[in-house]
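**Student:** Before I ask anything, let me first share the structure, which is written out below as structure tokens.
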Amino acid sequence: MANYVDIKPEMIQWAIRRAQLAESDHQSPVILLAKQWILGKEKPTLSKLDTFAKKVMVPFGYLFLDLPPTETLPIADFRTFDDQVPRNPSPNLLDTIHDMQRRKDWMREEMLANEMEPIAFYRSISQNEMIETAAAKIRNRAFISINFADEFANSPPCCSSAINEQ
């Protein structure tokens, strides 16, 4: 027998909004079923709720909260369009930022473990420099190849193959 669970409709609505799905995704079987849950016509099973959580990129446990959590970017947000404050961060943006923070932490630990000297970035780039030039300077000072992100797209690097041969 299936295990049905009680989930507040507001949490399902929040999860769908948070996912910022394309209009075509609103016709997917998972989202259509979730809309039935919102209307109270059906109750989700744990399995179907798990599938829904993956589709909308929400941690499964969040769906059991009384109120949606407040999600903020862990870094300054300088993105604007026509001087408008951007809407809430998408799950993809949050995941990307958290992945980059993990990689940064890994790189720091790796450098400490290998007793590498700190890289002197402070005041090394002027505000007038082109972004590409500034990025190249940082990569060179950190001995990171231009393909670093591509080489380690799915996981933090585990070896020093991304280091440039200078």
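Laboratory data are not the source of any read-out in this text; all were calculated from the coordinates shown. Predicted, not measured: the structure shown is a model, and the values here were computed from it. Note that each Cβ is placed from the backbone with ideal geometry, even for glycine, and that neighbours are counted across all protein chains shown.
**Student:** Excluding Glu10 itself, what net charge comes from residues whose Cβ is under 15 Å from its Cβ, given Lys and Arg +1 and Asp and Glu -1? Before the final figure, lay out each step's value.
**Tutor:** Numbers: positive: Lys8, Arg17, Arg18, Lys35; negative: Asp6, Asp66.
The answer is +2.
**Student:** Here's another thing I want to ask about it. I need to check one value: relative contact order of region 9-64, counting alpha carbon pairs closer than 8 Å and at least 6 residues apart, in percent.
**Tutor:** Values: 39 pairs, mean separation 25.1, N = 56.
Result for region 9-64 is 45 percent.
**Student:** With springs only between Cα atoms under 10 Å apart, run a GNM on the chain and tell me which of Ile31, Ile97, Ile125 wobbles the most.
**Tutor:** Ile125
**Student:** Moving on. What's log10 of I(q)/I(0) for the chain at q = 0.09, 0.13, 0.17, 0.20 Å⁻¹, Debye sum over Cα points only, no solvent?
**Tutor:** Result of the Debye calculation: -0.50, -0.84, -1.08, -1.30.
**Student:** Here is a further query. Find out how many positive minus negative residues lie around Ile146, taking Lys and Arg as positive, Asp and Glu as negative, among other residues whose Cβ is under 11 Å from that of Ile146.
**Tutor:** Net of charged neighbours comes to -2.
**Student:** Let me ask something additional. Would you work out which of Ala19, Gly40, Gln101 lies farthest towards the positive end of the dipole of the chain? Charges go on Cβ: Lys and Arg +1, Asp and Glu -1.
**Tutor:** Gly40
**Student:** Let me ask another. If you take every residue apart from Gln36 with its C-beta less than 13 Å away from the C-beta of Gln36, what net charge results, scoring Lys and Arg +1 and Asp and Glu -1?
**Tutor:** +3
**Student:** Still on this model: Counting only pairs 8 or more residues apart or on different chains, how many lysine pairs in the chain have their Cα atoms under 13 Å apart? Provide the component values of the computation, followed by the final result.
**Tutor:** Details: Lys8/Lys35; Lys8/Lys43; Lys35/Lys43; Lys35/Lys48.
Value for the chain: 4.
**Student:** Next question, about the same structure. Among Leu63, Ile7, Ala135, whose Cα sits farthest toward the positive end of the charge dipole of the chain (+1 at Cβ of Lys/Arg, -1 at Cβ of Asp/Glu, about the Cα centre)?
**Tutor:** Highest projection toward the positive end goes to Ile7.
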